[in-house]
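> Let me give you the structure first, and then I'll get to my questions.
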Amino acid sequence: MKKIASVVGARPNFIKLAPIYKQMNNSKYTNSFEHIIVHTGQHYDFKLSEIFFSEFSLPIPDYNLDVGSTTPCIQIAEMIKKLEHLFQALKINIVLVYGDTNSTFAGALAATKSSLNVAHVESGLRSFDRKMPEEINRILTDHISNILYAPTKTALGNLKAENIQGEIINTGDLSVEIIRDAESKISNSLILEELKLEPKNYYLFTLHRSENTNPQCLNSIIEIFNQIPESTIVFPIHPRTTKILEENNLYNKLKKCRNVILIDPVGFLDFINLIKFANKVITDSGGTQKEAYLLNTPCITIRNNTEWIETINEGWNTLTGIDVEKTTNAIINWFPPKVSSRNSIFGDGKTSKTILDHLRKLLE
Ligand code: UD1
């Protein structure tokens, strides 16, 4: 039987794998190919990895490469070395990679150097900011993939503008089915009660990108929190952010902000629940911008650019950078349009089926 390997390694990869894995269980596909899950080990903390496998009922990965945290070059090199060996040993036919993490790029490079087909889920996204490690991963992955699953019209246009060689397919975005599924289970999340939060009476804040986790940006963030002392802010902290706050003696300064509820990273259902009932979301994450849009929660993106330009065009997302005045002003004064004409900018929720039907045909 033909074999497809999904290479995942970081939190956003696991989230995208979930609907694909669920759809794979359809006998139409199980009769056509075997699916193997390879975890690179990029994320290894329970709260960034294992919790997602249990929440999404994903099986224990067939292989875990245990690369862990180190410099990006060593991390990617370790992944490629181990993946090349694994792909050969297992006689894989197609490698599926997701999003824009180091694991995504490593999976694509190892596959292409092993003369295998590479299919990229969520291809064509661009922030046009090459300081972002994810932007480099996206560009490189797209240019070496031979199947490109583009989630939006903008992504499709970006791929065409770069004269990408592979086959490009407009699939819509997996987030539509991911959010639908999460909303149906949201009553299982007790996070609002646990944190004593009133719906629509708090802001959800996240920050983890490498270009933003520096003392200057972190000081600005603390300044923003101090500008709105009466507003409750929930801040699930990524381990990278915690580490840099501690190294720069900023963790204690942040803890002095009495309006901020600092918590560990939370599982997916809790996170979706927190987005859905937040007054606004303030974030530098890509996925969170989409999730906020789909849950009708206004989003303030503390970056100067976004890959999800459609959410800005529709008026539900605004870019402020990490600028104290602009961000504080947006928190207090900015609102999305009252009557929103919701275009289905992320497709009709059938993305996983479109992708798997395409893969099945390819393997016939
Ligand atoms: C990665 C992705 C990013 C994604 C994010 C979601 C890349 C380049 N970036 O960023 O696109 O939005 O995941 O979380 O792939 N660490 C831990 N425990 C872990 C993993 C990481 O403590 O389980 C710490 C380590 O100190 C590490 C740092 O976080 O040095 C950064 O980890 P890394 O995997 O390089 O990238 P993320 O910031 O998690």
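The values are calculated or read from the model by the stated rules, or taken from the named source; none is laboratory data. Given the structure is predicted, the values throughout are model-derived calculations rather than measurements. Cβ sites come from the backbone with ideal geometry, for glycine too, and all protein chains shown count toward neighbours. The accessibility values were calculated without ligands, DNA or RNA, using every heavy atom of the protein model including side chains. Shrake-Rupley method; radii C 1.70, N 1.55, O 1.52, S 1.80 Å.
> Taking the conditions exactly as written (without any contact (Cβ under 8 Å) to a residue 12 or more places away in the chain, over 19 Å from the mean Cα position of the chain (by Cα) and open to solvent by 60 Å² or more (accessible area, probe 1.4 Å)), does Glu194 satisfy them or not? Steps first, please.
Values: without any contact (Cβ under 8 Å) to a residue 12 or more places away in the chain: yes; over 19 Å from the mean Cα position of the chain (by Cα): yes; open to solvent by 60 Å² or more (accessible area, probe 1.4 Å): yes.
Criteria met by Glu194.
Every residue, every condition in (1) hydrophobic (A, V, I, L, M, F, W, C); (2) on the phi < 0 side of the Ramachandran plot; (3) modelled with pLDDT under 95, yes or no:
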{"site": "Asn329", "(1), (2), (3)": "no, yes, no"}
{"site": "Ser340", "(1), (2), (3)": "no, yes, yes"}
{"site": "Asn343", "(1), (2), (3)": "no, yes, yes"}
{"site": "Gly347", "(1), (2), (3)": "no, no, no"}
{"site": "Asp357", "(1), (2), (3)": "no, yes, no"}
{"site": "Lys361", "(1), (2), (3)": "no, yes, no"}
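> Against the conditions (1) in contact (Cβ under 8 Å) with a residue 24 or more places away in the chain; (2) within 16 Å of the ligand (Cβ to nearest atom); (3) in contact with a Phe, Trp or Tyr (Cβ under 9 Å, 6 or more places away or on another chain), where does Thr242 fall short? Just the number, please.
Tallying (1) in contact (Cβ under 8 Å) with a residue 24 or more places away in the chain; (2) within 16 Å of the ligand (Cβ to nearest atom); (3) in contact with a Phe, Trp or Tyr (Cβ under 9 Å, 6 or more places away or on another chain), Thr242 fails exactly one: (1).
> From the list Ser69, Ser114, Ser145, Ser54, which one is surrounded by fewer than 20 Cβ atoms within 10 Å (Cβ to Cβ) and more than 16 Å from the ligand (Cβ to nearest atom)?
None of the others qualify; the one that does is Ser114.
> Another one. Can you spot a residue in the range 204-227 that is more than 16 Å from the ligand (Cβ to nearest atom), within 22 Å of Phe277 (Cα to Cα), modelled with pLDDT of 95 or more and in a loop (DSSP other than H, G, I, E, B)?
Scanning the range 204-227, I find no residue that is more than 16 Å from the ligand (Cβ to nearest atom), within 22 Å of Phe277 (Cα to Cα), modelled with pLDDT of 95 or more and in a loop (DSSP other than H, G, I, E, B), so the answer is no.
> Against the definition (closer than 24 Å to Leu356 by Cα, surrounded by fewer than 20 Cβ atoms within 10 Å (Cβ to Cβ), within 18 Å of the chain's Cα centre (by Cα) and modelled with pLDDT of 95 or more), how does Ile139 come out, yes or no?
In short, yes.
> Something else about it: If you go through the range 72-101 one residue at a time, how many are near the ligand (Cβ under 9 Å from one of its atoms) and either modelled with pLDDT under 95 or open to solvent by 30 Å² or more (accessible area, probe 1.4 Å) (or both)?
Number satisfying all stated conditions: 1.
Per-residue answers, yes or no, for (1) of a type in the set (Asp, Glu); (2) in contact with a Ser or Thr (Cβ under 9 Å, 6 or more places away or on another chain); (3) surrounded by fewer than 15 Cβ atoms within 10 Å (Cβ to Cβ):
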position: Thr297; (1), (2), (3): no, no, no
position: Trp308; (1), (2), (3): no, yes, no
position: Thr311; (1), (2), (3): no, yes, no
position: Gly321; (1), (2), (3): no, yes, no
position: Val324; (1), (2), (3): no, yes, no
position: Pro337; (1), (2), (3): no, no, yes
position: Lys350; (1), (2), (3): no, yes, yes
position: Leu362; (1), (2), (3): no, no, no
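> What's the number of the only condition in (1) closer than 21 Å to Ile179 by Cβ; (2) open to solvent by 10 Å² or more (accessible area, probe 1.4 Å) that Val8 fails to meet?
(2)
> Report whether or not Phe46 is surrounded by fewer than 23 Cβ atoms within 10 Å (Cβ to Cβ) and touching a Lys or Arg at 6+ places or on another chain (Cβ under 6 Å).
Against the criterion (surrounded by fewer than 23 Cβ atoms within 10 Å (Cβ to Cβ) and touching a Lys or Arg at 6+ places or on another chain (Cβ under 6 Å)), Phe46 does not qualify.
> Mind telling me which of the residues Thr206, Thr154 ends up being closer than 19 Å to Ile263 by Cβ and of a type outside the set (Lys, Arg)?
Criteria check complete, one pass: Thr206.
The rows are residues; the columns are (1) over 25 Å from Lys353 (Cβ atoms); (2) in a loop (DSSP other than H, G, I, E, B).
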site	(1), (2)
Ile4	no, no
Val7	no, no
Gln23	no, no
Val38	no, no
Asp45	yes, yes
Pro61	no, yes
Thr70	yes, yes
Ile74	yes, no
